[in-house]
Every structure is written in structure tokens, then in C-alpha cells.
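Note sheet for the following structure.
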Amino acid sequence: MKKIKIGLVLGGGGARGLAHIGILKVLENAGLRPDVISGTSMGALVGAAYAQNPQAESIEQQFHQFIFSEKFKTLGGIRFRQEHFYEPENLLSQISREFKRRIIINLAAQRKSLLKSTRMAAAIEELVEQGNVDDTIIPFSCAAIDLVSGQEKIFISGDIQRAVKASMALPGFLPPVEYDDYQLVDGSVSVNFPVQPVLDQGVDVLVLSNVSTPFEVGIKPGNVVDIIMRSHLVATKKINEMALSHADFVMNPPIGSIHWSDFEKIDLLIERGEGEANKSIGALKRLIAERSRFAYRFKKRIRQWSEQKFT
């Protein structure tokens, strides 16, 4: 039977994207290491690290050590979750919340982002080695969006740390990444699942790992950051559905309501990714076996020939 070429697309989702590591561990142990990887945002970070060093347990240790390191703590940042529901309703707590709200509003009016890019750059430099996108062991690409033209920017070459930084530059939180004449931001704005660069590599099976926050009707955002994130979720819902329809196989780790900033839950998130992959691996193997048969490959070749002839 023909060796099947497997493509893996890793979606964005903040800390929830750590579940991708669990999926990679199971695929690797099953002898199904992907031949091509693409990612957006956190999927770009995990994907780049794995494409450079395709050893899932090593990547797990690397991320784990960094998240619980003193360096990660010193990077700091604003705590974005709404956690004031348990605070006592006294005058001091009300004043404190109002003060924090005004700080964020003032920052937003005076700066391009709430956070400085140096924090994100430090994290990326810790987890992704210096090099070029097209120098990875496993072919890799990642997606960003250009605010100037409104077009997607798919990185298939160039500085890999800069590419991942652009793919993770969440608008409002981190400043756009300047690249030539581009102003690049997080690819999940409109291309949370960059399937096209993987399809362009001629893969036989396209696997997609979806860690997006489920869209729940009736949710009322509690603070300015949650409002921004909720708006982003609404805008990308249909786009994500279109991308998911291109996949041959989708894994949806049962992450539930784990917040996109809960990086300290890395062990649980990886465990959820492993659980989903272990549950799905049998069906994926059957699909791969089907795709490797001559009859399927012959029909595929005829279909491709027909499309080329009549386009």
C-alpha cells in the first residue's frame, strides 16, 4: 500500500491550544506523525516547536518547564479573566474595579495594544528555535492577517520566530508585527484553520485539531476583555465552520470552559488532547487505510485530471 501523506492543522485558542501537544503525542505513538503542519496563533507556536523538533514528549517538557518557570512569571501581564464575582461588595472593591477599568481604557486610547510585544517575543524565543520557516524538519506554515490590505499572510519561508509572533499578535492585546509593508496580527481573525497551505502540499488525509471556545448562546460578557473576545468569537464562527468542512478528520478535545489564559492547566489540557486522540485514533487509522488503497487513489487521480481539464 502507498505511504499516506498526513497533514495536520492546529487551530488557535490561547492556552487551550496546549491540548494540541496531547494529540501530537498520540499520533506519534501510533506511527502517524504528520508530514505537513500548519497553525494559527497558539497552534502556530505548538506547530513550529514540533516541526523543528518532532518529539512530542520533549515539546511537552519544554512547554511545561517554561510555564512554571520564574521567567514566565516575570513576563506578567494583565489577568484577563473576570474573577471579581467573589470579591466583597464594599466601597473599596468597587473603587478598585473602576480604577482598573479606567487604566485599560486609557491604555487603549494611547497605545496600539494593552501589552508590549517584548513579552510575547520572550515567550516565543524560549519555545521556538531561531531559524527559517522552510528549514524545519517537518514542513511548516502559519497564518497571519495584514491590516493594511486585509489579506491573509501565509508564512512558508522567512524568520520563524517572527512568523509565529505575527500569527499570535492578538489585536488590541499585542501590537501588529511590522513585516515589509505589512501590519500583521493574529491569523485567527479570519483564518483560524489554515488548511490551504497543507492542501497545497498534496496531503492524502487532512487532520484538524479544534480547540476553539464553543459558542454558547446566552453568555453575557462581564468585562471589556471578555466583550472583545466574545465579539471575535461571533465574527469567526462561520469562518471556522467553512474551514472545518475541508478537513477529512477533526479532533475536538473536550476542553469545556477552560479559559484561554489558563496556561497553568497545561497538564489537564494535554491530558484532554490525549484522551480525544486515543478515542479517535482507530477511526483515523481506518480512514488512512482506505485512502491507501489503489481504487481510491485511482479515483482521486481521475478527479484531479477532470478538474484540470475543465478549468
Placing each pseudo-label 7 Å from Cα in the direction of the beta carbon, residue 257 and residue 199 end up separated by a distance in nanometres of 3.7 nm
Between residue 289 and residue 151, what is the FRET efficiency for a Förster distance of 35 Å, r being their Cβ-Cβ separation, to the nearest 0.05?
0.35
Give me the one-decimal nm value for the distance between modelled label points at residue 235 and residue 30, 7 Å along each residue's Cα-to-Cβ direction.
3.5 nm
Counting other beta carbons within 10 Å of each residue's own, what order do 46, 177 fall into, fewest first?
177, 46
Around residue 184, what is the net charge, scoring Lys/Arg as +1 and Asp/Glu as -1 over all other residues with Cβ under 11 Å from its Cβ?
-3
Extension gain, residue 219 back to residue 70 (0.36 nm per residue minus Cα-Cα distance, nm)
50.1 nm
Over all viewing directions the Cα convex hull of segment 152-276 casts an average projected area in nm² of 9.2 nm²
Can you list the residues, at least 5 places off or on another chain, whose amide H is less than 5 Å from the amide H of residue 153, using H built in the peptide plane?
144, 145, 146
With respect to the cross-link table entries 3/165; 5/25; 5/285; 73/220; 153/238, which display a Cα-Cα separation exceeding 22 Å?
3/165; 73/220
Order by neighbour count: 168, 42, 120, fewest other Cβ atoms within 10 Å first, most last.
120, 42, 168
Note down the nm distance, to one decimal, between modelled labels 7 Å out along Cα→Cβ at residue 55 and at residue 181.
4.5 nm
Among 50, 179, rank each residue by its count of other Cβ atoms within 10 Å, from fewest to most, as a rough exposure measure.
179, 50
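A short reminder: the numbers here are calculations on the coordinates, not readings from a lab. Remember, it's a predicted structure, so these values are computed and weren't measured experimentally. FYI the Cβ positions are ideal-geometry reconstructions off the backbone, even for glycines, and counts take in every protein chain you see.
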